[in-house]
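To start, the structure itself, in structure tokens.
The values are calculated or read from the model by the stated rules, or taken from the named source; none is laboratory data. Nothing here was measured: the structure is a model prediction, and the numbers come from that model. Virtual Cβ from ideal backbone geometry, glycine too; neighbours counted across all protein chains shown. Side chains included, ligands, DNA and RNA excluded: accessible areas come from the protein's heavy atoms. Shrake-Rupley method; radii C 1.70, N 1.55, O 1.52, S 1.80 Å.
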Amino acid sequence: MKNFNTIIGFISLIFLTLITTPSYAYIDVVCNCKAEGLQYSHLIGRPMCDYQTTEYCIVSQTSDTLTYRVPTTNQVPACQFCGCYDYTSDWTYSSTSSGVLIRESITMRDSSTYRCDYVFNKPEGACSSGYYGLSEPDPNIYECQECPWLYDDKGGMAHGLTEYANKDADITDCYIQESDLRGMYFEDETGYYLLEGGNCYYSK
């Protein structure tokens with residue numbers, strides 16, 4: 001009876017070892033950077049993990065995350081392993097303020113050794129060409145001031161311009177480009193005249 005119990009105990013030990021040993025042979029890395037078009041295509045295409053697979057397979061997959069099983073010998077940080085990278089969108093016009101440009105950015109970070117997450121940063125603001133004086137009167141709203149218009153004595157007009165996506169421009173950075181000055185006429189007691197010789201900047 002003693003030998004029988006010993007054999008049963010030995011078999012149980014072997015069975016328990018077979019179950020627990022694989023957990024020390026691999027780790028699961030969570031890649032959470034698929035949102036906003038950020039892909040990890042080099043990981044897609046691997047088989048889904050099953051009872052016969054212990055590593056180099058996909059544990060689970062959602063629209064945003066992918067959990068990937070790798071050997072414990074993997075020493076690469078999660079974001080680097082997943083192929084996650086920082087992302088900045090193109091400038092787009094704000095829907096709430098005239099002349100304001102907005103762009104969004106995402107920063108990747110290793111939340112742990114085995115997990116990479118993305119963080120949406122606060123939207124970045126700038127002024128479009130023809131606007132200056134970026135300000136933030138509200139924590140979630142940017143505002144810009146419009147450059148002055150130039151009117152001639154025959155009803156012509158030209159809009160002042162500034163550098164595109166400027167952040168610290170002043171009114172003195174507004175200018176009328178030379179091509180817009182052509183054909184504009186001004187009059188005083190001495191007669192008609194026109195402006196030429198390059199861009200014309202605003203002066204206080």
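Equivalent-ellipsoid semi-axes for the chain (Cα gyration tensor, √(5λ), whole Å, largest first): 69, 14, 11.
State to the nearest 20 debye the size of the charge dipole of the chain about its Cα centre, where the only charges are +1 on K and R beta carbons and -1 on D and E beta carbons. Show your work: numbers first, answer last.
Details: 12 positive and 27 negative charges, 425 e Å.
The dipole magnitude comes to about 2040 debye.
Working note: Karplus 6.51/-1.76/1.60 with θ = phi - 60° gives segment 111-116 the couplings 5, 7, 4, 10, 9, 10 Hz, where Gly and Pro are set to x. You can think of it this way: the chain between Asp28 and Glu178 has 47.8 nm of extra reach, that is 0.36 nm per residue less the Cα-Cα gap.
Net charge around Gly99, counting only other residues with Cβ within less than 10 Å of its Cβ (Lys, Arg = +1; Asp, Glu = -1)? Don't skip to the end; give the middle numbers.
Numbers: positive: none; negative: Glu143, Glu146.
Charge balance near Gly99 sits at -2.
Taking only protein heavy atoms and a 1.4 Å probe, the accessible area of segment 133-204 is 45% carbon and sulfur.
Counting only other residues whose beta carbon sits under 15 Å from that of Gly45, what net charge do I get with K and R as +1, D and E as -1?
Numbers: positive: Lys34, Arg46, Arg69; negative: none.
Net of charged neighbours comes to +3.
Lacking any other cysteine beta-carbon closer than 4.7 Å, the following Cys residues of the chain have no compatible partner: Cys200. Note on the chain: GNM, Cα springs under 10 Å; of Ala165, Ala126, Ala25, the largest mean-square fluctuation is that of Ala25.
Provide the gained length on full extension for the span Arg109 to Lys204, in nm with one decimal, where the gain is 0.36 nm per separating residue minus the Cα-Cα distance. Display every interim value, and only then the final one.
On the way: separation 95, 0.36 × 95 = 34.20 nm, distance 4.73 nm.
Stretched out fully, the Arg109 to Lys204 stretch lengthens by 29.5 nm.
How far is helix 2-20 tilted off the main Cα axis of the chain, in degrees rounded to 10, range 0 to 90? Compared with the principal axis, the helix lies near 10 degrees.
For the pair segment 127-198 and segment 51-94, the centres of their Cα atoms are 48 angstrom apart. When only Cα pairs below 8 angstrom with a gap of at least 6 residues are kept, segment 39-170 shows a relative contact order of 16 percent. Using the Cα centre of the chain as origin and beta-carbon charges of +1 (Lys, Arg) and -1 (Asp, Glu), tell me which of Thr162, Leu195, Gln61 is placed farthest towards the positive end of the dipole. Going by the Cα projections, it comes out as Gln61.
Across all Cα atoms of segment 147-204, the radius of gyration (one decimal) and Dmax (whole number) stand at 12.5, 42 Å. Taken over segment 35-116, the convex hull of the Cα atoms encloses 106 Å³ per residue. Around the amide H of Asp86, modelled in the peptide plane, lie the amide H atoms of Met108, all under 5 Å away and 5 or more residues distant in sequence or on another chain. Gain on full extension, evaluated as 0.36 nm per residue between Tyr85 and Ile141 minus their Cα-Cα distance, stands at 17.4 nm. Whole-Hz Karplus values for segment 125-134 come out as x, 7, 9, 6, 4, x, 9, 8, x, 4 Hz, taken residue by residue from phi with 6.51 cos²θ - 1.76 cosθ + 1.60 and θ = phi - 60°; glycine and proline positions read x. Rg/Rh for segment 69-154: what does it come to with C-alpha atoms and Rh from Kirkwood? That ratio equals 1.29.
Near Leu181, once Lys and Arg are set to +1 and Asp and Glu to -1 for all other residues with Cβ below 11 Å from its Cβ, the sum equals -3. Counting only the Cα atoms, segment 106-204 fills a convex hull of 139 Å³ per residue.
With every protein chain present, what is the per residue accessible area of the chain (1.4 Å probe, Å²)? Provide the component values of the computation, followed by the final result.
Details: 13160 Å² over 204 residues.
Accessible surface, normalised per residue, equals 65 Å².
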